[in-house]
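Taken together, the values in this text are just the output of simple stated rules run on the coordinates, not laboratory data. What you see is a predicted model; the values in this text were computed from it and never measured. Heads up, the Cβs are rebuilt from the backbone with ideal geometry, glycines too, and the neighbour counts pull from every protein chain shown.
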Amino acid sequence: MATVLQKKNESFMEYTHHEVMEKGYIGKNLDDDGREKRTGTMITAVAHIITAVIGSGVLSLAWAIAQLGWVAGPAALMVFSVITYFTSTLLADCYRSPDSITGKRNSTYMDVVRANLGEMKVKFCGLAQYGIIIGGTIGFTITASISMVAVIRSNCFHKNGHQVPCHISNYPFIITFACIQIVLSQIPNFHKLSWLSILAAVMSFSYASIGVGLSMAKVAEKGHHVRTSLTGVTVGIDVSGAEKVWRTFQALGNIAFAYSFAAVLIEIQDTLKSNPPENKVMKEASLIGVSTTTLFYMLCGCLGYAAFGNDAPGNFLTGFGFYEPFWLIDFANVCIAIHLVGAYRVFSQPIFGFVEDLCAQRWPESGFIKNEYVIKIPFLEAYYINFFRLVWRTTYVILTAVIAMIFPFFNDIVGLVGAASFWPLTIHFPIEMYIAQTKIKKYSSRWTWLKVLSLACFIVSIVAVAASIQGLAADMKTSAGQDEKLTSLIYNVIMKIYNDTLSNSSIFSFF
């Protein structure tokens, strides 16, 4: 049935550049670092970027604009887009080091940090990157389940009327999404994901366009009138003064999340073929990707706010500001779910690869980790199964699904993930690596304004994180009031684990 095959890519990784040149390993199927030849192009890079960027973030932009108003809302979108593109160009130049064109390749974000900033910063980078990836995949799971539930609810509203509650549990759809991801997670690396990213990018354009069209139709309705303002939701009418402050900061976090792809930028760049230079192609792909997403964000955010006003829902396609045509709402939500299947897979690849490489280095002789089994599928290419990859990736998907069931709060998760990831990965490390690589003189004008930019974004991230945590705590409190039995069960389980831990004195022998 199946035959054991030692994974070739791992043995390629063991060769040095000198050995590759001396032994003549470079050929049709190998790159200058001895790995499988990259075949990525600007088109595939743009597809990966759009898949990672246009996702759950776009659905909350109408709500974010409602908190900020007609002035600060669009301005924040433009500012974040310019900053994201600028720092992505800095990061693209750090893929190879010490020279951005002829230097040694760095295949992961952590490798780039290690090469440019030294070992001390790598742990902080890993904590930030993989923490954000975990948060992002949880957010994708929540959003996909909400979209699948919205399809059922849309049909229910159409059949029974808009006043019927039509309450549907998210849990079966979170499990369904997790099952799909368990299968797709066995795709080994980014090089095999191009088709999925292209499909996901098409889906993202589809539902974003539907959202724009529905918003325009609602604005054009006869007698349509909603409350909007230059400063967003009104204190004393829509929210209290404290809520206004917290929501403003949370909206900034949502917008930051809407542009987050720095966590996977280096991994995307590592798929590009070496001619033309990877940094040049990546900069062009970033410009196209960020410009395209900004256009859609402006349309979705501004038209969504014009359609719903200060009462804009947190998710403007599943919050049921739109009920008809129900079939179009259904199609849009199906597109969201399909796109998030691809987005989850693209976003999770760095942490999959990191754990697998780490374990391969720790246990180099383990057949469970290194061996692959070839399965010949009729009319298709041979499929390779690795038992460690199967177990590890399946476990990861299950854990993110469980967390998504515990914290099904879309806007707060989106804001928290965006705020926490924006400064370290999108701002701090790209700027610090650019300064180190180009040897910018300390206290020079260019050094000063880069540091000022980093500090300003750090402050924004801190207040947005605080606002998202406050919103998450408030939603958990509300949810607890609505479902006391579930809350009591979770509390009892946590307390039992806590008491069992205290009663086992041997646990303290580790400290």
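Taking H placed 1.01 Å from N in the peptide plane, check which residues at least 5 places from Leu30 or on another chain put their amide H under 5 Å from its amide H.
Lys37
Classify region 117-160 from the C-alpha gyration tensor, please: rounded if a/c falls under 1.5, else prolate or oblate depending on whether a/b exceeds b/c. Please report the intermediate quantities before stating the final value.
Working: a/c = 10.01, a/b = 8.57, b/c = 1.17.
Judged from the Cα gyration tensor, region 117-160 comes out prolate (a/c at least 1.5, a/b above b/c).
For Ser444 and Gln186, calculate 0.36 nm times their separation in residues minus their Cα-Cα distance, and state this gained length in nm to one decimal.
Net length gain for the segment: 88.0 nm.
Skipping prolines and chain starts, which residues have an amide H placed within reach, meaning under 5 Å, of the one on Ser229, given they are 5 or more residues away or on another chain?
Trp70
Please list 3J(HN,Hα) in residue order for region 120-134, calculated via the Karplus relation 6.51 cos²θ - 1.76 cosθ + 1.60 where θ = phi - 60°; whole Hz, with x for glycine and proline.
Coupling constants for region 120-134: 4, 8, 5, 5, 5, 4, x, 4, 5, 5, 6, x, 6, 5, 4 Hz.
Multiplying the sequence separation of Ser209 and Leu328 by 0.36 nm and subtracting their Cα-Cα distance, what value in nm do you get? Walk me through the numbers on the way to the answer.
On the way: separation 119, 0.36 × 119 = 42.84 nm, distance 1.13 nm.
This chain segment gains 41.7 nm when fully extended.
From the backbone phi of region 382-395, what are the Karplus-calculated ³J(HN,Hα) couplings (6.51 cos²θ - 1.76 cosθ + 1.60, θ = phi - 60°) in whole Hz, Gly and Pro given as x?
With coefficients 6.51, -1.76 and 1.60, one gets 4, 10, 9, 10, 10, 5, 5, 4, 4, 5, 5, 5, 5, 4 Hz.
Would you mind ranking Ser366, Ser421 so that the residue whose beta carbon has the fewest other beta carbons within 10 Å leads the list? If you can, show how the numbers build up before the last one.
Details: Ser366 12, Ser421 25.
Least crowded to most crowded, the residues run Ser366, Ser421.
So if I place +1 on the C-beta of Lys and Arg and -1 on the C-beta of Asp and Glu, and nothing else carries charge, what would the dipole magnitude of region 65-204 be about its Cα centre? I want it in debye, nearest 20. Mind showing how you got there, number by number?
Values: 9 positive and 4 negative charges, 38 e Å.
Here region 65-204 has a charge dipole of around 180 debye.
Tell me, Asp99, Asp111 in order of fewest to most beta-carbon neighbours within 10 Å? Mind showing how you got there, number by number?
Values: Asp99 10, Asp111 19.
Neighbour counts put them in this order, fewest first: Asp99, Asp111.
Which order do peptides 59-69, 395-405, 281-291 fall in by mean Cβ count within 10 Å, highest first? Intermediate values should be presented prior to the final figure.
Working: 59-69: 27.9, 395-405: 18.5, 281-291: 20.8.
In decreasing order of mean packing, 59-69, 395-405, 281-291 become 59-69, 281-291, 395-405.
Listed highest first by mean packing, meaning other Cβ atoms within 10 Å per residue, what order do 179-189, 77-87, 252-262 come in?
Values: 179-189: 17.0, 77-87: 19.0, 252-262: 28.1.
Answer by packing, highest mean first, reads 252-262, 77-87, 179-189.
Compare the Cα positions of Ile187, Thr108, Ser169 along the charge dipole of region 77-219 (+1 at Cβ of Lys, Arg; -1 at Cβ of Asp, Glu; about the Cα centre) and return the one farthest towards the positive end.
Value computed over the given set: Ser169.
Quick check: residue separation of Cys179 and Asn275 times 0.36 nm, minus the Cα distance between them. What number comes out in nm?
Numbers: separation 96, 0.36 × 96 = 34.56 nm, distance 3.87 nm.
Answer, rounded to one decimal: 30.7 nm.
Can you compute the modelled spin-label distance between Phe387 and Ala456, with each label point 7 Å from Cα toward Cβ, in nm?
Computed distance between label sites Phe387 and Ala456 equals 5.6 nm.
Amide H to amide H under 5 Å from Val239: which residues, 5+ apart in sequence or cross-chain, H placed 1.01 Å off N in plane?
Answer set, sorted by chain and number: Thr234.
Could you put Cys359, Cys300 in order, starting from the residue whose Cβ has the fewest other Cβ atoms within 10 Å? Could the numbers behind the result be given before it?
Details: Cys359 17, Cys300 27.
The order, fewest Cβ neighbours first, is Cys359, Cys300.
For region 168-248, compute Rh as the Kirkwood radius over C-alpha pairs and then the Stokes-Einstein diffusion coefficient at 25 °C and 0.890 mPa s; write the answer in µm²/s, rounded to an integer.
Numbers: Rh = 17.6 Å.
Calculated translational D: 139 µm²/s.
What FRET efficiency comes out for His162 versus Arg362 if R0 is 56 angstrom and r is the Cβ-Cβ distance? Round to the nearest 0.05. Intermediate values should be presented prior to the final figure.
Numbers: r = 57 Å, r/R0 = 1.02.
So the FRET efficiency works out to roughly 0.45.
First select every other residue whose beta carbon is under 15 angstrom from the beta carbon of Cys94; then total the charges, Lys and Arg +1, Asp and Glu -1. Could the numbers behind the result be given before it?
Values: positive: Arg96, Lys104, Arg105, Arg114, Lys121, Lys280, Lys283, Lys439; negative: Asp93, Asp99, Asp111, Glu267, Asp270, Glu278, Glu432.
With Lys, Arg at +1 and Asp, Glu at -1, the net is +1.
Sort 43-51, 195-203, 302-310, 238-246 by packing, meaning the average of other beta carbons within 10 Å per residue, with the highest value first. Write out the running numbers ahead of the final one.
Numbers: 43-51: 25.0, 195-203: 20.3, 302-310: 22.9, 238-246: 15.0.
Answer by packing, highest mean first, reads 43-51, 302-310, 195-203, 238-246.
FRET efficiency for Ala75 and Met120, Cβ-Cβ distance as r, R0 = 30 Å, nearest 0.05? Spell out each step's value before the answer.
On the way: r = 37 Å, r/R0 = 1.23.
The computed FRET efficiency comes out at 0.20.
Please turn the phi angles of region 446-456 into ³J(HN,Hα) values with the Karplus equation 6.51 cos²θ - 1.76 cosθ + 1.60 (θ = phi - 60°), one per residue in order, whole Hz, x for glycine and proline.
Running phi through 6.51 cos²θ - 1.76 cosθ + 1.60 with θ = phi - 60° gives 5, 4, 5, 6, 5, 5, 5, 4, 4, 5, 4 Hz.
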